[in-house]
1. Test residue 325 against the criterion of being free of Cβ contacts under 8 Å to residues at least 60 places away in the same chain, crowded, with 24+ Cβ neighbours inside 10 Å and either farther than 20 Å from residue 457 by Cα or in contact with a strand residue (DSSP E or B) (Cβ under 8 Å, 6 or more places away or on another chain) (or both), and give yes or no.
2. Do any helices (runs of 4 or more DSSP H) lying entirely in region 84-153 carry at least 2 residues that are under 24 Å from residue 462 (Cα atoms) and over 17 Å from the mean Cα position of the chain (by Cα), and which ones are they?
3. Quick one: residue 338 ticks every box in (1) surrounded by 18 or more Cβ atoms within 10 Å (Cβ to Cβ); (2) closer than 26 Å to residue 136 by Cα; (3) at pLDDT 95 or above; (4) under 19 Å from the mean Cα position of the chain (by Cα) except a single one, so which number is it?
4. Is at least one residue of region 245-260 buried (at least 18 other Cβ atoms within 10 Å of the Cβ), touching a residue at least 24 places away in the same chain (Cβ under 8 Å), more than 19 Å from the chain's Cα centre (by Cα) and assigned to a loop (DSSP other than H, G, I, E, B)?
5. Picking from 450, 418, which residue would you name as being within 28 Å of residue 337 (Cα to Cα), modelled with pLDDT of 95 or more and buried (at least 16 other Cβ atoms within 10 Å of the Cβ)?
6. Which residues, taken from region 110-133, are surrounded by fewer than 22 Cβ atoms within 10 Å (Cβ to Cβ) and over 19 Å from residue 335 (Cβ atoms)?
7. Taking residue 294, is it surrounded by fewer than 22 Cβ atoms within 10 Å (Cβ to Cβ), more than 17 Å from the chain's Cα centre (by Cα), farther than 30 Å from residue 181 by Cβ and without any contact (Cβ under 8 Å) to a residue 12 or more places away in the chain?
8. What residue, among those in region 262-279 that are assigned to a helix (DSSP H, G or I) and free of Cβ contacts under 8 Å to residues at least 60 places away in the same chain, is surrounded by the most Cβ atoms within 10 Å (Cβ to Cβ)?
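The values are calculated or read from the model by the stated rules, or taken from the named source; none is laboratory data. Because the structure is predicted, anything quoted here is derived from the model rather than measured. Note: ideal-geometry Cβ built from the backbone for every residue, glycine included; neighbour counts use all protein chains shown.
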């Protein structure tokens, strides 16, 4: 009962990963090996040499990139939580894509259950990743105390683990808990919070009895992790090659804080964090690419991408979790399971000659149906998962300034993102005369987010946080086109889409707005059994 397992998804690479055998999601020790063991080491041995420690930290990233899909018929790796699943699920919970088949149908139509695979594995793999982060944090502290690695190196590793832990808890909150503003002080139920590794029977027993922390409590701990990460992680300039984007950096921690404060509706803090990229410690570290396709044409070597999960031909979650494979049409080697929706494609705020409509570069058409071309390698599945870009930091700043009634700054940061996509910025750029009020400006910023981040998984987090927006509230899950392949004629530009919406809206008051806690967890944890999301 004291063994942990490493694994090797591909024979060409060996990662020694401290994988907890006793996961809190299951009831018996015999069922708890989440990946096929390739080798066995104790969690202590994994932190007894610098080389093993480095491999254990790398394995933590692999846990984020390649999650285990526990399907009894065909178990596989499926990319939970950050390999691709957060993009695919974040898109399909919103209205700006169309799910063409049955693959994401339960998510798309909000017909999931306490045992449906996508939401269940999202929960399980998120907590598996959190536990690996906790094991790394504990292990590198012990290694530093024993002088195996320096205190400075231990702090960097801990910062990497705490950034991933913070981002994972936020993913759990936006899917399994109601938004921050649901109660005045965010005292409503969040998710169970663990910051200790499950490497002893006592810790496991505590885990089986732990209930949900409040949303406010989890957000406070997320911010503590991000503050630590910012203070201890290296700058992007200190890294080389793909690691500039695929390993945690100060920039990634600060960018994530702009998101967190945005969800907490603390616009002053969004501005304070975002300004670090403009005139603070991060100034000059990131820049928008000249063309909106830049982050996707050179996904591992561009100035704009801040953080993303690395994939390669020999190291990826497989076809069912590779973004290009799922989002590209069959005509270019993909499966064509998700298309752009006419709802956003025909939005008149998205100019007809906008560069983000460029065929062959940003989109691909098949029988006039529009697919994204942000992910370009369905054959080898090498596209990274785009976790956060500098464009988002700028639009977070724009929104925060607009909500603070600062029109000049809100307009400035909106135009920074939008203008690079315009065919003629001199004539098409927004001006001070374009908006009479900050509310009009805010509306343009929110539409711009949908255009800029289309097919990047950002729609659901925005839907989630905008439920309580005083100016542009979203009531629950918006109505969307029917599940199935849309007709090519629906993508004709010139007018907004006003056609049929075959998938009905789900009101905010409806229990289906949230994913349920998985039945496995309810069965094994009597505390959580009493804290299931109401209605499930």
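1. No: the conditions fail for residue 325.
2. So the answer is 105-109.
3. If we test residue 338 against (1) surrounded by 18 or more Cβ atoms within 10 Å (Cβ to Cβ); (2) closer than 26 Å to residue 136 by Cα; (3) at pLDDT 95 or above; (4) under 19 Å from the mean Cα position of the chain (by Cα), just (2) comes out false.
4. There is no residue in region 245-260 that is buried (at least 18 other Cβ atoms within 10 Å of the Cβ), touching a residue at least 24 places away in the same chain (Cβ under 8 Å), more than 19 Å from the chain's Cα centre (by Cα) and assigned to a loop (DSSP other than H, G, I, E, B).
5. 450
6. Residues satisfying the conditions are 110, 111, 112, 113, 114, 115, 116.
7. Yes: the conditions hold for residue 294.
8. The qualifying residue surrounded by the most Cβ atoms within 10 Å (Cβ to Cβ) is 273.
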